[in-house]
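A short worksheet on the structure shown next.
The values are calculated or read from the model by the stated rules, or taken from the named source; none is laboratory data. What you are looking at is a predicted structure, and each value in this text was computed from that prediction instead of being measured. No Cβ is skipped: glycine too gets one built from the backbone with ideal geometry, and neighbour counts run over all protein chains shown.
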Amino acid sequence: MKKTIMTLILVSMISLLVACGNTNENSAEEFPKNQIEVIVPFAAGGASDLVSRTIAQEMENELGVPVVITNKTGGSGATGLHAIKDAKPDGYTIGYAPAELAMLEGLELAEISPDSFETLGQLMTIPAAITVSADAPYDTLDEFIAYAKDHPGEVKIGNSGMGSIWHIAAAAFAQEVDVEVSHVPYDGAAPAVTALLGKHIDAVTVSPSEAISGINSGDLKVLAVMSQEPDVNVPDVPTMKDLGYDIDLSGWGGFVAPVDTPDEALETLRDAFKVAYESDAFQKLLEDRGMNPNYQSGEDFKKFSLEQYDYFSELIPTVELSEE
C-alpha cells in the first residue's frame with residue numbers, strides 16, 4: 001500500500017514538473033501577447049522619430065500586436081534612454097538608441113553606455129552638416145568661417161540638445177576652424193531646423209536628411225558635410241575633408257532593450273527588427289529621406305557602439321561645449 005502511495009506521489013510530481021515545463025515553453029512561444037512600447041528619446045519629426053515609427057509599424061505587422069511610439073525628450077536623449085534602461089525587462093518595452101548612447105557618460109550627463117542595454121540591431125547613419133538660411137550673407141564654408149571670426153560668439157548654431165551628437169559636431173567644427181560660436185540646444189533636430197527657418201539662429205549641424213524640406217524648398221542651403229563622402233541629399237556640397245578640415249562626424253541609430261530581457265523575447269524581437277529593416281516601407285524611407293542604410297545585427301551593433309563609446313570618450317574632453 002505504502003509503495004503504491006509513494007508511486008502515485010512520484011507520478012504526480014513528475015506530471016506537475018512536466019506541466020510546468022510545458023507552461024514555460026508555451027509562454028515563451030506566445031511572446032508577444034501584449035502591446036509593445038518603443039521609446040524614442042527625441043521629439044517627433046526628426047530622423048530618430050521617423051525611423052522609429054516606420055520600424056515600429058513593420059514590426060507590428062510581423063509580430064501581430066500593437067507596437068506604439070512614445071517620445072520622451074530631454075537631456076540629449078538621456079531621459080528616453082533612462083526610461084528604456086529602467087523598464088521591466090520583459091520584452092514589452094524597447095527603444096531607439098542614437099549616437100548619444102555612446103556619449104552621455106563621457107559628457108557626465110548620465111550613467112548610460114552601450115553596456116546598459118541589450119541590442120536588437122543598427123539601422124542607419126546620417127552625417128552632420130553646416131546648414132544655414134538661403135539668404136545668409138555667406139555662400140561657402142570659408143565665408144561662413146570668416147563671418148564667425150569677424151563676429152566672435154555671435155553666430156548661433158542650433159543642435160538637438162546639450163551633449164547631443166549635433167552639439168558635439170558643432171563644437172568639433174568650431175574647434176577645428178578656430179572660431180567662437182554660441183551653441184543653442186533644442187529637444188531634437190526638427191525643432192532646431194524650425195528655429196533656423198524662423199531666423200532665430202544662424203546655422204544647424206544636423207544631418208541634411210533632417211533639413212531636407214527646407215533645402216528642397218530653397219529656404220536653406222548646406223555649406224559642407226562632415227563625412228568622408230558627399231551626402232546623397234546634397235551631392236554637390238563639399239565635405240569638410242574636401243575643404244581641408246579634419247572632421248568626420250555622423251549620427252547613427254538602432255534599437256535596444258533593457259538588460260535581462262529574456263533570450264526568447266530578444267530572439268523574436270531581433271527577427272522582427274530585421275524583417276522591418278528589410279521592408280519596402282523602411283527602405284523607401286531611407287531613400288526618400290537620404291539616410292544611409294546600415295543594418296547590423298544585435299551583436300555587431302553592440303560591438304560598434306562600444307567602439308564609438310571609446311571614440312567619443314577621447315573626443316569629448318578636447319572640445320568646448322558651453323552653450324548660450
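Structural remarks
- Flag if Phe282 is at negative phi, out of contact with any Asp or Glu (no Cβ under 7 Å at 6 or more places or on another chain) and in a helix (DSSP H, G or I): no
- Inside region 243-271, residues that are part of a loop (DSSP other than H, G, I, E, B) and touching a residue at least 12 places away in the same chain (Cβ under 8 Å) make up a count of 10.
- For region 172-198, filtered to residues that are of a type in the set (A, V, I, L, M, F, W, C) and over 23 Å from the mean Cα position of the chain (by Cα), the residue that is nearest to Asp288 (Cα to Cα) is Leu197.
- Residue within region 156-169 that is over 20 Å from Gly188 (Cβ atoms) and surrounded by 20 or more Cβ atoms within 10 Å (Cβ to Cβ) present: no
- Residue selected from region 288-306 under the condition modelled with pLDDT under 95 and within 18 Å of the chain's Cα centre (by Cα), by the criterion surrounded by the most Cβ atoms within 10 Å (Cβ to Cβ): Met291
This table checks each residue for (1) part of a helix (DSSP H, G or I); (2) in contact (Cβ under 8 Å) with a residue 24 or more places away in the chain; (3) of a type in the set (A, V, I, L, M, F, W, C).
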| residue | (1), (2), (3) |
| --- | --- |
| Phe273 | yes, yes, yes |
| Ala276 | yes, yes, yes |
| Leu286 | yes, yes, yes |
| Gln296 | no, yes, no |
| Phe301 | yes, yes, yes |
| Phe304 | yes, yes, yes |
| Gln308 | yes, yes, no |
| Tyr311 | yes, yes, no |
| Leu315 | yes, yes, yes |
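- Of the residues making up region 144-155, those that are touching a strand residue (DSSP E or B) at 6+ places or on another chain (Cβ under 8 Å) and surrounded by fewer than 21 Cβ atoms within 10 Å (Cβ to Cβ) are Gly153, Glu154.
- Selected residue (criterion: farthest from Tyr138 (Cα to Cα)) from residues of region 199-228 that are in a loop (DSSP other than H, G, I, E, B) and under 18 Å from the mean Cα position of the chain (by Cα): Ser227
- Filter result for Asp49 (modelled with pLDDT under 95 and out of contact with any Pro (no Cβ under 6 Å at 6 or more places or on another chain)): yes
- Screening Ser217 on (1) surrounded by fewer than 24 Cβ atoms within 10 Å (Cβ to Cβ); (2) within 21 Å of Phe42 (Cβ to Cβ); (3) hydroxyl-bearing (Ser, Thr, Tyr) shows it passes everything except condition (2).
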